[in-house]
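Structure, as structure tokens:
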């Protein structure tokens, strides 16, 4: 069966697998195999174990929706990370999120500094005064 995992940045994973195991903090864990009944589930946080032959990969999911229909799993997520096990995938995702948060903090700090400089320049230039 086919699985496609997509984020706002594009496809993270697009391959054939034998089956998947879905683990969600809200719904627990369930497997989806070929010819399974259609499924739609919302995932706040969890993982999907992808099994192909003897290989297993884990995709840690943050805020997404999973649909299974006609032997195709489609997963749309806010954030996701692939790893050899769920712990390594989760650790890498947390590292990426920390880096992103630090970049956002720096951008806010830079913006605040630029805004202060603009106010100072406007005051010195007597802008808005008649």
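No value in this document is a laboratory result; all are computed from the given coordinates. Note that this is a predicted model, so its numbers are computed, not measured. We place every Cβ from the backbone using ideal geometry, glycine too, and count neighbours over all the protein chains shown.
Every condition in (1) on the phi < 0 side of the Ramachandran plot; (2) surrounded by 10 or more Cβ atoms within 10 Å (Cβ to Cβ); (3) more than 22 Å from the chain's Cα centre (by Cα) holds for residue 24 except the one numbered (3).
Quick grid of which residues meet (1) surrounded by 13 or more Cβ atoms within 10 Å (Cβ to Cβ); (2) free of Cβ contacts under 8 Å to residues at least 40 places away in the same chain:
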site: 59; (1), (2): yes, no
site: 62; (1), (2): yes, yes
site: 72; (1), (2): no, no
site: 98; (1), (2): no, yes
site: 101; (1), (2): no, yes
site: 108; (1), (2): no, yes
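Of 32, 4, all but one fail to be part of a strand (DSSP E or B), closer than 30 Å to residue 101 by Cα and in contact with a strand residue (DSSP E or B) (Cβ under 8 Å, 6 or more places away or on another chain); the exception is 4.
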